[in-house]
Each structure stands twice: as structure tokens, then as C-alpha cells.
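Below: one structure, written as C-alpha cells.
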Amino acid sequence: MADPPGCCSTCATCLLCPYSCQWITAKKEKRKGLRTTKYDCSWFFFLFGIFLFTLVWLYFAIIILNDFHNFNEFIFRQKKLWLDWSLVLLIATAVLISYSSVLLILALCLQLCGQPLKLHWVHKILLILTALVVAAAFTGLGIKWAEEWKSARISLQATGPFLHIGAVGGMTLLAWPLASFIYRTRSTGLRVFLLLVYCAAMIALYLAPLGITSPCIMEEKQLPPKPALVGHRGAPMLAPENTLMSLHKAVDCDVQVFETDVMVSADGVPFLMHDEELTRTTNVQSVFPERAALNSTAFNWTDLQQLDAGSWFLERRPFPTVQSLSPGDRKEAAEQRIPSLGQALEAAKQSNISIMFDLRPENHSDYQNFVNVTLEVILQSGIPLQQVLWLPDGFREDVKQQAPGVQHIYGRKRLKNEMEPVMHVNLPYQDMSSEEIRQYRQDNISVNLYVVNQPWLFSVLWCSGVSSVTTNACQVLKEMKHPIWLLPSSTYFMIWVVVDCVSFLVIIWAFFLMRKCSHRTRPAESETDVLLTKINSLMQE
């Protein structure tokens, strides 16, 4: 194992104290003759693995922020507790990655100083707990939120080139402590093993761009038009969802379509509401406490009009943007009521935007009547039928007969040998690849993907050629005049070659300098060994 050569006593103490939880100076360590054993090395490699594990989880945590509002709604429906769990996720992840990063940096600095890597047992226990927590997080993600694995795959199209540069840079910096260890260790087998592993990793990283694909690697002139924006329940970051205020805020964000959800009251009035229960977005528990758990369709329109559909938005703050609302917007939000479909259609007609909606719940025994009542309201509203985008699959043929001008949006991909061609599809963004989007675009099929909130995701779909996206963050995506990044293939190739060449030269330089430093210490060590051998021989005589 590695011998601990001399090191600045103060620096060694500062490094050893937090890593080994012992206040031991470098001189004392040298007198004790402590060295980094194979057992210590195994714990270092375990620490390095935990760092990479938590780093991957940090990446996932950032990616799933796009969909985290859905998780908050899920927890509320299960536990009736509202909390922005994304803050909990980010804080916990930051603590784990910071802890493993600090320990790894300490270990690498200790190795450069030639000090023993005696990891304290408290750190060992905490590292094991970190591994279990992150493993549990990944397991839970795979069981309850499996579609996020697809989100991660899509995210690599946005981050792949930059992850490659970061990985090459990190592994290049690792050459310094690695070279220090290799030139100090006495184990030839371990030295060869580490060199082979490091070389294999670097070769894989150098060639990684061969497998990196992204729709944003293209010429500027090839960039498709910016996707149109569809307001998911309006502009839910700026106003209470599924209210007239939310519709008007969406119009201010230049959305072309107001996406909403429709239910039908007990007395036959279609109204805007997403959840089957009213508890999340109204004060039904205060007004009708004994009926709060009933389905939304169990209330008549008179009862629904008594409910406050805006105060919850100010109290629970479903998005951080609520804090920045003006006093006027706060007052308007507090005054919101549940709008009827007729009111929403009138507002959409006046604003000259389309309206797209689902009719819920589709498993209701009186669903056909819901369809007929909804169609009747649409036809009476006077809105141009081409501005109505119909999502429900139930009784679609009846809708085509009664309102032939309505545009039909399908929540599935097109089928082979389809009798009637599908012209508009509405799917989760995870369900369509960039290649499929391009093919649909070539075939003049409009593709709307939901729910897209983060600029990186919007950029990837923009480069892919998607027609429109449904979003909660229309005020953010409205301001985007260009994808976050766009690189011609020739420019990306040049960056790839330059990064790999610079990395290779730095690694060679690191090994050369560390070898030179190790040769300087060896004469002094050899003279000491000769002197000790002579003293030992004289004592034996």
C-alpha cells in the first residue's frame, strides 16, 4: 500500500480530523507507521461509488422537477396534505451529495499529501445509510413513477454533450491523485489493475459522443417553428387552475389553446373541474363539510356557485410564482368561482383562442348524457366549432354527427390501416420519440405533448418539430425565442476532439509530474533505509 511521505503538518491535521475524526498530526502518523491498507482502499472505492450514485440521483431529481406538481397532487389525494415536496427532495438530495462530495475531496487531498485513508466508522455507517436511502428512492421511482425513466432518456438528448464534457473533466482531474497513488504503492497488481480500469474508462468517455444523439445538433436553418403553447388548466402558475382568471392569464401568455377538464353537475350544468373531489381546489370542507368527500358531479350548480375556487391558491401556494403576484392579482384570485363550460366558451370566443377539454369521469353510468349536455352547451354558445378540440373517446361518433365542425384530438398514436386518418394527437411527452415526431410532422399530423414545463424539455421538443406543448409555465416558455442550445454537427465534432485532446495531454502531464515528485522523495527514503540497515547489522554483531 501507499507510504505516507512528509506533508505539511497543519494541512495533514486539517484533512485527517474530519475524515478520520481524529486530531492527529502528520508527524505522529509517520511515527506510528500507519499506511493505507487494502481494507482502507475498499472503503475509498465504496465512497467513490456512493458519490457517483448520489450524483446520478441528483440528476434524476432535477429532471423529475418537470412533473413534480403531479406528485404533489397525488400526495394530496392520498393524505389530504399539501406540501411542495420538490423542496424536500432537493434539500435531501443536496445534503447527500454534499456529504459524499466533501468526503471524497478529503480522501483525494489526503492521497495527494501521502496521508493514510483511515475512514472513521461513523462515516462508514453514514455512507451505508446514504446508499440505502438513494437505492430506496430509485426503487420507489421505478415502482410508482416508472414513466420518469423515459423522461431521463429524453433528458440525455438535452444534456448528453455537456455531461460528456463534465465527465471527461472530472476523470481528467482524477488523474492527479491516481498517479500519486500508483507511484507510491508497492503492490504491482493493484497498480496495473487501477491503470487498466482508468484507461478503459477514459477510452469509453473519449468515444462516448459516437452514441450521443440530440435533435438540437442541427444547423440553424433546419430549426422547425416554435411550438404553439397550450395552457394546462389555463395558467396555473399565475392564477387558480380552471378559472376564468387562469384563462385570461393564459391569453396574456399568448397561448393558442386553453386546456381544461369538464364535469357535469347533478342538475346538468357542465363546469370546469379536474379532480373528482372538490377538496383540493375549493373550500367545500368549510361550506359542505358532510358532503366534502362526494364526487364533484353529486353537487348541483347552485351549490357549486357557493364555493370559493381561488383562496386555496393563495394559501397553499402550489407554485413558487404565487409569492410574486401583485396585490391586484391576489384580490382577483381570492374572488374566483367555479366557472361553467358556457362561461369558459364565451371567454374563449372573445379572446379568439381554442378550448380543448376532457369530459370526466368517463366511467360514470350517465356518461352519454354528459356528452349530450356538453354538446348542447357548445352549440348554444356560438363559438366557431373549429375552436373546440374534443378529447374524450367515449361516444366520439355521436359527437361527429351532432357537431361535425369540432376538431377531434386522439390520445393515442395512429394505427395501421386506419379507416379515418388521425390528424391531431395529444400524448404525454414521454410517449413519442424525436423520430416519431419528425415522421408525424412530415405526414402533416399535429402533435401536442403534455405536460412540458422546463425550458430544457421544451428545447428538445422544439428541435424535434413538435406542433404544440401543454404547459403550466406558459409565462416562461413564452419568453423563449430560441432553444437553450443549438449546435451544428461540425461544431460539436470540433468541441469533442478538442476536449478529448486537452484531457489526454493533461493526464500525461499529471502522471509525468507525479512521477517526478515521487523520484525526488525516493533518494531520501533509500538513504534512510540504508542507514537503518547498517544500524541493525551493527546491533546484531
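Here are some notes:
- The share of alpha-carbon pairs in the chain lying farther apart than 41 Å comes to 41%.
- The order of GLU479, GLU241 by accessible area, most exposed first and with a 1.4 Å probe, is GLU479, GLU241.
- Taking the convex hull of Cα positions in the range 120-211, its mean projected area over all directions (nm²): 8.6 nm²
- Area of CYS109 that stays accessible when all protein chains are in place (1.4 Å probe, Å², to 10): 50 Å²
- Accessible-area composition of the range 288-441, carbon plus sulfur, in percent [1.4 Å probe]: 47 percent
- Here the range 240-355 is assigned +1 on the Cβ of each Lys and Arg and -1 on the Cβ of each Asp and Glu. Its dipole about the Cα centre then comes out at about 220 debye.
- Percent of beta bridges antiparallel (DSSP, the chain, rounded to nearest 5): 15 percent
- Accessible surface computed residue by residue for the chain, with neighbouring protein chains in place and a 1.4 Å probe, gives 49 Å² per residue.
- Dipole axis of the chain (+1 Lys, Arg; -1 Asp, Glu on Cβ), positive-most option in ALA228, ALA309, SER286: ALA228
- For HIS408, nonlocal amide neighbours, meaning residues 5 or more places apart or on other chains whose placed amide H falls under 5 Å from its own, are TRP390.
- Hydrophobic, long helices, defined as DSSP H runs whose alpha-carbon span along the helix axis is 20 Å or greater and whose mean Kyte-Doolittle value is at least -1.0, occur in the chain at 38-63, 85-112, 121-144, 148-173, 188-207, 367-381, 489-540.
- What the Cα convex hull of the range 163-249 gives, in volume per residue, is 187 Å³.
- Between the range 356-404 and the range 417-474, the C-alpha centres lie 24 angstrom from each other.
- Since only SER464, LEU379, GLN475 are under comparison, the one whose Cα sits farthest along the positive direction of the charge dipole of the chain, derived from C-beta charges on Lys, Arg, Asp and Glu, is SER464.
- What the phi angles of the range 299-313 give under the Karplus curve with 6.51, -1.76 and 1.60, with θ = phi - 60°, is a coupling list of 9, 7, 5, 4, 5, 4, 5, 7, 8, 8, 9, x, 4, 4, 4 Hz, glycine and proline written as x.
- Electrostatic dipole magnitude of the chain [Cβ: Lys, Arg +1; Asp, Glu -1; Cα centre; debye, to 20]: 3220 debye
- Unit charges at the beta carbon, dipole of the chain: most positive-side option, LEU87, GLN454, SER42: SER42
- Look at the alpha carbon pairs under 8 Å that are at least 6 residues apart: their mean separation over the length of the chain gives a relative contact order of 16 percent.
- Among the listed pairs LYS38/LYS124; LYS144/LYS416; LYS349/LYS413; LYS249/LYS349, those beyond 20 Å (Cα-Cα): LYS144/LYS416; LYS349/LYS413
- Across every direction, the projection of the convex hull enclosing the Cα atoms of the range 60-142 has a mean area of 6.8 nm².
- Heavy-atom SASA rank of ARG280, ARG77, ARG186 (probe 1.4 Å, accessible area, largest first): ARG186, ARG77, ARG280
- Going by accessible surface with a 1.4 Å probe and the largest first, LEU294, LEU341 read LEU294, LEU341.
- Accessible surface for ILE217 stands near 40 Å², nearest 10, in the context of the full protein assembly shown (1.4 Å probe).
- Shown here for the range 408-501: chymotrypsin sites (Phe, Trp or Tyr not before Pro) in loop regions (DSSP other than H, G, I, E, B) with at most 16 other Cβ atoms within 10 Å, namely TRP485.
The values are calculated or read from the model by the stated rules, or taken from the named source; none is laboratory data. Since this is a predicted model, take the numbers as computed values, not measurements. Because the Cβ atoms are built from the backbone with ideal geometry, glycine has one as well, and the counts that use them run over all protein chains shown. Note: areas computed on protein heavy atoms with side chains; ligands, DNA, RNA excluded. Shrake-Rupley method; radii C 1.70, N 1.55, O 1.52, S 1.80 Å.
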